[in-house]
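Taking it in order: structure first as structure tokens, then the write-up.
The values are calculated or read from the model by the stated rules, or taken from the named source; none is laboratory data. Note that the coordinates shown come from a computational prediction; the quantities given were computed from them, not determined experimentally. Neighbour counts run over all protein chains shown; Cβ positions are idealised from the backbone, glycine included.
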Amino acid sequence: MSTLTSIPLTTLSGDPATLGDFSGKVLLIVNVASKCGLTPQYTALEHLHQQYADKGFSVLGFPANDFAGQEPGSNEEIAKFCSTEYPVTFPLFSKIAVTGPDKHPLYAALIAAKPEHVVFGTWREGLTDYAAKNGFPPPNPLPELLWNFEKFLIGRDGTSPPTPPRTIPASPRPSPRHWASCKNSAPFAQPSRPLRERFCLCFCSCLWTRLCLRLRRKQHELFGSLCPVLQHPRRQGALRQPHLLLDQRPQL
């Protein structure tokens, strides 16, 4: 992986780039597609990017049309899709091949460095059935990518963490042990609420509940006290004609 940061890349707008442009950051590299059942992961990836961008993290999206033709558009069409249908702010790169003989050097290097991956549940079996029913080729064998939205995690020093960095592909983020394995990635741990804050939230919730119950009780008491008045014939007439109430005098 020593040459990973120097592999030439091209942004979605056609500008030259390398992973070296993101030196010092933790990177989540994802092969994306706009017509896949997993395309809503764009939203989760954008949330993840926004949440940790100020801590030295970035999602990098690489559109690819290798799986069931689910990214057929041009770079311009992909850019429009990612600004209207699923608006994202993380960097996107020009469409590449991530498997097969035309595989981009970046993905060749990533796969060679980390051939193992983490598959959630029965994802491979489900893809095999889906491919068979729709006339697609069966899923790629290891170490090739299995489908769209597979994720590679790259540490701040430009290398993969020691634990398997590949997740396939149901989760929009690596597991916590992947985060913990990144160099200097402590800020990415999900903090729990402080005990004082949790106590205050619980106390305020209980206080609000008691207040609502008390107001409800007062409402019932007020309604109950008005019932005899509303049922009196003279009061009913007065309520229909409010000026009668003003004209009433105490009877001596």
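Tabulated results
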quantity: Selection within segment 81-104 - more than 15 Å from VAL30 (Cα to Cα) and surrounded by 13 or more Cβ atoms within 10 Å (Cβ to Cβ); calculated: PHE81, TYR86
quantity: Qualifying position, being surrounded by 13 or more Cβ atoms within 10 Å (Cβ to Cβ) and not aliphatic (A, V, I, L, M), among GLU125, GLU116, GLU77; calculated: GLU77
quantity: Any hit, segment 69-85, residues being touching a Ser or Thr at 6+ places or on another chain (Cβ under 7 Å), among the β-branched types (Val, Ile, Thr) and at pLDDT below 95; calculated: no
quantity: Unique match (being within 19 Å of PRO72 (Cα to Cα), among the aromatic types (Phe, Trp, Tyr), modelled with pLDDT under 95 and over 26 Å from the mean Cα position of the chain (by Cα)) among PHE149, PHE136; calculated: PHE136
quantity: Residues (charged (D, E, K, R) and farther than 25 Å from ALA109 by Cβ) located in segment 23-57; calculated: LYS35, GLU46, ASP54, LYS55
quantity: Among the candidates SER23, SER83, residue that is in contact (Cβ under 8 Å) with a residue 24 or more places away in the chain and either under 15 Å from LEU153 (Cα atoms) or assigned by TED's automatic domain parsing to the domain that holds TYR107 (or both); calculated: SER23
quantity: Tally, over segment 46-74, of residues that are closer than 28 Å to GLY24 by Cα and of a type in the set (S, T, N, Q); calculated: 3
